[in-house]
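The values are calculated or read from the model by the stated rules, or taken from the named source; none is laboratory data. Only a predicted model underlies this, so the values are computations on that prediction, with no experimental measurement involved. Every residue, glycine among them, receives a Cβ derived from its backbone with ideal geometry; neighbour counts consider all protein chains shown. For the accessible areas, the whole protein counts, side chains as well, though only heavy atoms, and no ligand, DNA or RNA atoms are used. Shrake-Rupley method; radii C 1.70, N 1.55, O 1.52, S 1.80 Å.
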Amino acid sequence: TMSVQPALLTPILLTRSAALIIDHCIGVQAGDRCLVVCDKARWPEGEVIAGVVLARGATPLLLDVSNEVARYYVTHQRPEPPDHMAAAFAASTFVFAVADAEYCHLLGHTEKNQAAQAAGMQYVVVEEDMSSWTTTPEDIDVFVERNFKVTELLRQGKWVHVTTQKGTDARFKLKPGRKVWNFAAKTSERREALIVPNYAESACVPWEGTMEGRAIIDGYVIGVGPDHRDDPVEFIIEKGRAVEVNGGDGAAKLRAIMEAADENANNMAECGICTSHREKRAYEYEHGVPGHFSYGAWGTTHFAVGHSHTIGGDVHSKIHLDCQMYDVTVYVDDVCVMENGDYRI
């Protein structure tokens, strides 16, 4: 068998990527207070980000959250930070999440993180494998502009209709005035999470009780697995709830996580419409385990079940599980955002 060469994590190969996100995506300035939340596996990346932050005249501080990451994987519940960690968030201009991808994502869905963002902190989730990034500033500008267009459609729209050739056919209403989020490599608001450098998702909360239909989940599912093309999960959705979760091994694992959580675990909490042409799908990773960021992959949309309160909804749950669909067709009212995974906007 062929051996897999380990990723090269020397500062020389990481500095360009760190500068791309700090200068083009974020714009760190002298005097900014930057907290780098890092685990042992990604410590070299965190150190380089801290070094570039320091070179821009800002103040970096590294925090090892390896134990918090381990605790998340025991529970699979949203990883609310301990109070002293939350206090560091609240005192920071920017928080760079440079740890396990799944943990970093769910940390953004916690009440304490959202409170810090509401007070002015900017949360920045940094994608893995920095030494291999080939994304250009021009790439980022293209998909960020596309993402902003979709977000504006959702802010003004009344209905969303999601279909796939595998059988997904789900429709839901949009509640007037409800927040719609840009989760992208650039953002116009501090409270919207930056996910750098390849990610772009326009995220909305379906109006509670309005989603009806069927979803065939053939991509990534948190806590279950990175690719379900050969083991799809079927949701039967009635009045905004996944009343049935059908399928094989993947469905059984997902049902077990939902049943162990609470009565709101089957709430249809989110629809994320992904707009980046640079983000990889789970099956496109050549080496290693696909990162959580494949939720933002080209031509995909995901529904989340469980908690919606931290993204503008009314439902509380111990879980927030994103469930991805490939090659999706999405309409917002009568505007086609993408068709079978190809962007139309």
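Tabulated data for the structure shown
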{"quantity": "Residue in region 19-30 that is polar (S, T, N, Q), in contact (Cβ under 8 Å) with a residue 24 or more places away in the chain and exposed (fewer than 15 other Cβ atoms within 10 Å of the Cβ) present", "calculated": "yes"}
{"quantity": "Positions within region 305-330 being within 15 Å of residue 226 (Cα to Cα) and either of a type outside the set (A, V, I, L, M) or at pLDDT 95 or above (or both), in sequence order", "calculated": "322, 323, 324, 325, 326"}
{"quantity": "Among the candidates 185, 118, 200, residue that is within 19 Å of the chain's Cα centre (by Cα), over 30 Å from residue 16 (Cβ atoms) and not β-branched (Val, Ile, Thr)", "calculated": "118"}
{"quantity": "Complete set of residues in region 182-199 that are modelled with pLDDT of 90 or more, under 23 Å from residue 112 (Cβ atoms) and part of a loop (DSSP other than H, G, I, E, B)", "calculated": "199"}
{"quantity": "Selected residue (only one of 272, 247 is at pLDDT 95 or above and on the phi > 0 side of the Ramachandran plot)", "calculated": "247"}
{"quantity": "Criterion violated by residue 134 - all others in (1) within 25 Å of residue 100 (Cβ to Cβ); (2) open to solvent by less than 70 Å² (accessible area, probe 1.4 Å) satisfied", "calculated": "(2)"}
{"quantity": "Matching residues, region 64-84, being among the aliphatic types (A, V, I, L, M) and either closer than 22 Å to residue 13 by Cα or buried (at least 19 other Cβ atoms within 10 Å of the Cβ) (or both)", "calculated": "65, 69"}
